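Notes follow the structure.
The values are calculated or read from the model by the stated rules, or taken from the named source; none is laboratory data. Quantities reported herein were computed from a predicted structural model and do not represent experimental measurements. Note that each Cβ is placed from the backbone with ideal geometry, even for glycine, and that neighbours are counted across all protein chains shown. Heavy atoms of the whole protein, side chains included, go into the accessibility calculation; ligands, DNA and RNA do not. Shrake-Rupley method; radii C 1.70, N 1.55, O 1.52, S 1.80 Å.
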Amino acid sequence: MAVIGGGPGGLAAAVAARERGAERVLVIERAEELGGILQQCIHNGFGLEALGRDLPGPAYAQHFVNRAHETGVQTLLDTMVLEITPQRRIYATNSRQGVIELCAGAVVFGMGCRERTRGALAIPGTRPAGVFTAGTAQRLVNIEGYMPGRRFVILGSGDIGMIMARRLTLEGARVERVLEIMPYLSGLKRNWVQCLQDFHIPLQLSRTVLEIRGTQRVEAVVSVAVDDRMLPIAGTEETIPCDTLLLSVGLIPENELSRRVGIALDPLTAGPIVDEGMGTSVPGFYAAGNVVHVYDLVDWVTLAGEVAGRSAADYIAGRVRPAVHRLRTCAGENVRYVVPQWLDPESLALGAQQLQLRVRRPVEEKVKVVVTADGVEIAHKTERYVRPGEMVTVKLAPELCESLRSAQELQVSVLKP
Amino acid sequence: MIEKKSLICVTCPMGCRLDVSLDGGSVVAVEGEGCKRGLAYAQDEIKDPRRVLTTTVTIFDGIHPLLPVHTTAAVPMARIPELVAALRKVSVTAPVRVGDVVAADVLDSGIDVLASRDIQRR
């Protein structure tokens, strides 16, 4: 079994596959060490769900790196996978071995996601130095030991942006503003409190960057209020002097390799279409973690990675039989997307299954999450509130197996009671 | 006079909204907590707000120039700048193991600062 990427998703898959009996499991990682992006996420808040402990990112990574070594997972570091064929032939390269060719019985994708950049937003203005994604700034400050600027504006209220606002302030920089184009926060509420409010950093909703100014280096950004169609409102411009603009404007699953294999991707998640075992549209290929859809918590990435790893181990051992009938899941009222996109009703005979979803709009009051099968309600739960930045899950009980055998489509809606 | 205050619990990523009733500055009731930790958080947040501090210290001879570190418990928020300044003067030498004590009993609080990961020698 080959795992592409040694972050939390890939490591969880590798360890789970070894525990399920896969004999040879190799993690191929392009960085010089395992752990993925967790190594630069030095803040705490990781592990409460998966490990029952509150750990900083590197400590959470360390736990799974150690587990991988203990369970006999092999690793190939500093190695870039260039291409994978549908027959699972893997071409990779590193500076020690040149080009390597490997053949895998099953492949687990664990490439994670990457940040949207200035190019994805098309912000007008000059192109000076001093425009970074929040994650790049995080790596510079937390791993390499460089401060990317002194006076910051942060565009986007994603978690990494807010966490960097706090980090930069603690390191002596001034964070002038966090601007968010949507009328609500895009990251976790707790980060608004502990990263912005604690340090008196203003958050301005329904505002974005209209223009970047500066010749050699960023000298100012011009912010502007937007209307409900997200178009700039003339007369609301504000020029904010600063030397650095950080972008925390969303993450996109990284699927160049999957696409070249011919794996079907979901345009809503930008990740592979998966079944309840994290199997993709091409037999023998599985997907673990943020490469499928962007999770809010690493703990869920770990659990999803374990599912993918076990499925891949079963595939290698010939324990996977193709589904006779599968249900399509789809998004209803106030739901942006649902994962997995396919569900084999027979999987419920082995235990409860979980649907994961993201809402389109926040609702700060009690809501009902309703699952219907061909229009008939089969499961529901109450949430005290829903927020686009926080994933919602709903369980399907094993008893539903029988009634879902003849159904075609599952729809999930989030309704006000 | 009962005063109402709304807080967001930061103990875990759930971010529960806590509706706190105060009488003369003391917490008399909390609603909305998802677990027991929310009650303790509300008490602390009104009287003595505390946060876990995570930062980095210099590491010599390691595969990276910085070692991520964290406090073993939440420290008084007002003293965090002081603690950050003190940790700026701390340095260690590789190898370091996750959980190694980097600074003991900081701010005379009984709280230690620990390494957040292993860092091998370069």
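Considering the dipole of the protein assembly as shown built from charges on the beta carbon (Lys and Arg +1, Asp and Glu -1) around the Cα centre, which of A:Thr71, A:Phe152, B:Gly32 is farthest to its positive end?
A:Phe152
For helix B:36-47, what angle does its Cα long axis make with the longest principal axis of chain B, in degrees from 0 to 90 and rounded to 10?
90 degrees
Summing Lys, Arg as +1 and Asp, Glu as -1, what charge do residues with Cβ under 14 Å from the Cβ of B:Val28 carry, B:Val28 excluded?
-1
Region A:292-317 to region A:91-155: how many Å between their Cα centroids?
Spelled out, the Cα-based centre of one part sits 23 Å from the other.
Once you charge only the Cβ atoms, +1 for Lys and Arg and -1 for Asp and Glu, what is the size of the charge dipole of region A:117-249 about its Cα centre, to the nearest 20 debye?
280 debye
With both bridge residues required to lie in the protein assembly as shown, what share of the DSSP beta bridges run antiparallel, to the nearest 5%?
About 70 percent, rounded to the nearest 5.
Kindly compute the accessible surface that chains B and A hide from a 1.4 Å probe when together, both sides summed, and give it to the nearest 100 Å².
2700 Å²
What accessible surface, in Å², does a 1.4 Å probe find on A:Asp159, ignoring ligands, DNA and RNA and rounding to the nearest 10?
A:Asp159 has an accessible surface of roughly 40 Å² with all protein chains in place.
Work out, step by step, the length gained on full extension between A:Asp374 and A:Leu231: first 0.36 nm times the residue separation, then minus their alpha carbon distance; give nm to one decimal.
47.6 nm
Have a look at region A:118-143 and report residues whose accessible surface goes down by 40 Å² or more when the remaining protein chains are included, against the chain on its own, probe 1.4 Å, ligands and DNA/RNA excluded.
With the partner chains in place, region A:118-143 has these residues losing at least 40 Å²: A:Ile143.
Hey, what angle do you get for helix A:298-316 against the long axis of chain A, alpha-carbon based, 0 to 90 degrees rounded to 10?
Here the helix axis deviates by roughly 30 degrees.
Please compute the net charge surrounding A:Asp299, taking Lys and Arg as +1 and Asp and Glu as -1 over other residues with Cβ under 12 Å from its Cβ.
Cβ neighbours under 12 Å give a net charge of -3.
Per-residue ellipticity at 222 nm for chain A, helices alone: DSSP H runs ≥ 4 residues times -39500 (n - 2.57), over residue total, nearest 500 deg cm²/dmol?
Estimated from H runs of four or more residues: -5500 deg cm²/dmol.
Of all DSSP beta bridges located in chain B, what percent are antiparallel, nearest 5?
Among the beta bridges of chain B, antiparallel pairing accounts for roughly 90 percent.
Over region A:1-141, with a single point scatterer placed on each C-alpha, what log10 of the ratio I(q)/I(0) does the Debye formula yield at q = 0.09, 0.15, 0.21 1/Å?
-0.34, -0.84, -1.24
Pairs of Cα atoms under 8 Å, at least six residues apart: use those to get the relative contact order of region A:170-314, whole percent.
Computed over region A:170-314, the figure is 13 percent.
Could you work out how far apart the two model spin labels at B:Glu31 and A:Gln197 are, taking each label as a point 7 Å from the Cα in the direction of the beta carbon, and quote it in nm?
Simple spin-label model gives 1.8 nm for this pair.
Pull up the DSSP beta bridges for region A:1-144 and report the antiparallel fraction as a percent, rounded to 5.
Percent antiparallel among DSSP bridges in region A:1-144 is about 55.
Taking the Cα centre of the protein assembly as shown as the origin, how large is its charge dipole in debye, to the nearest 20, when only Lys and Arg (+1) and Asp and Glu (-1) carry charge on their Cβ atoms?
Rounded to the nearest 20 debye, it is 640 debye.
For B:Phe60, A:Phe152, what's the largest-to-smallest order of accessible area, 1.4 Å probe?
Result of the area sort, largest leading: B:Phe60, A:Phe152.
Past 18 Å, Cα to Cα, is the threshold; run A:Lys189/A:Lys381; A:Lys366/B:Lys4; B:Lys5/B:Lys47; A:Lys416/B:Lys4; A:Lys189/B:Lys47; A:Lys368/B:Lys5 against it and keep the listed order.
A:Lys189/A:Lys381; A:Lys366/B:Lys4; A:Lys416/B:Lys4; A:Lys189/B:Lys47; A:Lys368/B:Lys5
Considering only C-alpha atoms, what is the centroid distance from region A:266-289 to region A:323-395, in Å?
17 Å
To the nearest 10 degrees, how steeply does helix A:8-19 sit against the main Cα axis of chain A, on a 0 to 90 scale?
The angle comes out at about 20 degrees.
Show me the trypsin sites (Lys or Arg not before Pro) within region B:24-115 that DSSP assigns to loop and that have at most 15 other Cβ atoms within 10 Å of their Cβ.
B:Lys89, B:Arg97
If Lys and Arg each add +1 and Asp and Glu each add -1, what is the summed charge of the other residues whose beta carbon sits under 10 Å from the beta carbon of A:Tyr91?
It works out to a net charge of -1.
Work out how much length A:His325 to A:Gln87 would gain on full extension: take 0.36 nm times their residue separation and subtract the Cα-Cα distance, in nm to one decimal.
83.2 nm
P(r) tail for chain B, what percent of Cα pairs lie past 22 Å?
Beyond 22 Å sits 48 percent of the P(r) for chain B.
Tell me, what is the percent relative contact order of region B:50-122, built from C-alpha pairs under 8 Å that lie six or more residues apart?
Normalised by residue count, the contact order of region B:50-122 is 36 percent.
Using alpha-carbon pairs under 8 Å, 6+ residues apart, how would you state the relative contact order of chain A in percent?
16 percent.
Label-point separation (nm) for A:Ala352 and B:Asp108, each offset 7 Å from Cα along Cα-to-Cβ?
It works out to 5.1 nm between the two label points.
In whole Hz, with x marking every Gly and Pro, tabulate ³J(HN,Hα) for region A:227-242 from phi via Karplus 6.51 cos²θ - 1.76 cosθ + 1.60, θ = phi - 60°.
8, 6, 9, 6, 9, x, 9, 4, x, 9, 5, 9, 8, 10, x, 6
Name the residues whose placed amide hydrogens come within less than 5 Å of the amide hydrogen of B:Leu66, ignoring near sequence neighbours (fewer than 5 apart) on the same chain.
For B:Leu66, the qualifying residues are B:Ile59.
Quick one: Karplus J couplings for region A:123-132, per residue in order, coefficients 6.51, -1.76, 1.60, θ = phi - 60°, nearest Hz, x for Gly and Pro?
So the Karplus estimates, Gly and Pro as x, are 7, x, x, 7, 10, x, 5, x, 10, 10 Hz.
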